[in-house]
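This report concerns only the one structure given below.
The values are calculated or read from the model by the stated rules, or taken from the named source; none is laboratory data. These numbers were taken from a predicted model, which means no experiment stands behind them. Positions of Cβ are backbone-derived with ideal geometry, glycine not excepted, and every protein chain shown enters the neighbour counts. Keep in mind that these areas ignore ligands, DNA and RNA; they rest on the heavy atoms of the full protein, side chains included. Shrake-Rupley method; radii C 1.70, N 1.55, O 1.52, S 1.80 Å.
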Amino acid sequence: MSLTREAAIDTARVLSKALPYIQRFSGKTIVVKFGGNAMIDDQLKKSFARDIVLMKLVGINPVVVHGGGPQIGRLLKALNIESSFVDGMRVTDSKTMDVVEMVLGASVNKEIVTLINHAGGKAIGITGKDGQLLLAKKLNVSRQTPDMKEPEIIDIGHVGEVAGVNVGVINTLTAGNFIPVIAPIGVDLEGNSYNINADLVAGKIAEVLMAEKLLLLTNVAGLQDRQGTVLTGLSTAQVDSLIADGTVYGGMLPKINCALDAVRSGVRSAHIIDGRVDHAVLLEIFTDEGVGTLISNLGT
């Protein structure tokens, strides 16, 4: 169906407004963590894939890191494998790790690759084990109550943290005009596999690539104040104050700390954006308004 003259003019106006952003970010790397509602809603999945393809076509180098917690949970339930959490992290024994690799490294990863390729991109799906992209080490969790003399060390199995990133793997793919799609599974020096939080992986990859931006898609509108108003442009010092006074707490803390670490390590800005919004990635990158919270070192 052809556009009316008015609709065509509106389209041209939108493209014109995006031009300064395209010029500014062309040749830059942007790391996007894909998760939340955007991963389970068909329309949002398609719009995300189109956003990533458009970024690549205008000269930006997108790197996608994805999660898949709900998908892992569903398969564990179907296989009658019990699952539990400690401090928000899934206890991952050997059977659970097999499921994690099956879901993240196969079904979820390949679905995202297929969506991007179908939208006209050239995506390649890998896990952190491929080319030893993500060197992992076991994550130690401790817990202490007032009546304990020493903290209790809790073994949560094959849950890891990032010890190193082989940037050569990513650079080879981007130099070949491919879009890397990375499942957050790492491997240690002995060949053991580890399930790593996708936000942490995205943050570390953004750090070592010295990315222009780190985008973390969430199921909320962004970082909010006590009245529920979304806070847009924040410095790291302002975010520290919000954490100190208890405005930021609970499940948002790990994501915010990931964003802070990235910015303090050289990433130009980190964004907590609402993945429930159609074309959230493009709106955050190519408009003044955005759809979430931007954190930078500006003013600190």
Legend entry - Rounded to whole Hz, the Karplus (6.51, -1.76, 1.60) HN-Hα couplings of segment 247-261, x for glycine and proline: 5, 9, 7, x, x, 7, 4, x, 5, 5, 5, 4, 5, 4, 4
Inset, instruction - Show the residues, 5+ positions off or on another chain, whose built amide H is closer than 5 Å to the amide H of VAL159. - result: THR92, LEU139, ASN195
Inset, instruction - Pairs of Cα atoms under 8 Å, at least six residues apart: use those to get the relative contact order of segment 49-200, whole percent. - result: 30
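So what is the accessible area of the chain per residue, in Å², with the probe set to 1.4 Å? Write out the running numbers ahead of the final one.
Working: 14860 Å² over 300 residues.
Here the per-residue accessible area is 50 Å².
About the Cα centre of the chain, what is the dipole size in debye to 20, counting +1 per Lys and Arg Cβ and -1 per Asp and Glu Cβ, all else neutral? Show your work: numbers first, answer last.
Working: 28 positive and 31 negative charges, 172 e Å.
With only Lys, Arg, Asp and Glu charged at Cβ, the dipole is about 820 debye.
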Legend entry - For the chain, the spread of Cα positions along each principal axis, largest first, Å: 71, 42, 36
Inset, instruction - State the answer as a single residue: which of THR96, VAL220, PHE48 lies farthest towards the positive end of the charge dipole of the chain, with beta carbon charges of +1 for Lys and Arg and -1 for Asp and Glu, about the Cα centre. - result: PHE48
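At 1.4 Å probe size, with the rest of the protein present, what percent of the exposed accessible area of the chain is carbon and sulfur atoms? Before the final figure, lay out each step's value.
Numbers: 7940 of 14860 Å².
Carbon and sulfur: 53 percent of the exposed surface of the chain.
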Inset, instruction - At 7 Å along the Cα-to-beta-carbon direction for both ASN80 and LEU253, put a label point, then send me their distance in nm to one decimal. - result: 3.8
Legend entry - Surrounding net charge for GLY290, when Lys and Arg each add one and Asp and Glu each subtract one, Cβ distance under 10 Å: -4
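How long is the gain from ALA7 to SER94 if the chain were fully straight, where each residue apart is worth 0.36 nm and the alpha carbon distance is subtracted? Please list the in-between numbers first.
Numbers: separation 87, 0.36 × 87 = 31.32 nm, distance 5.58 nm.
Full-extension gain reported as 25.7 nm.
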Legend entry - Leading residue at positive end of dipole, the chain (Cβ point charges), from ILE9, VAL141, VAL64: ILE9
Legend entry - Estimated FRET transfer efficiency when R0 is 30 angstrom, pair VAL58-ASP240 (beta carbons, to 0.05): 0.30
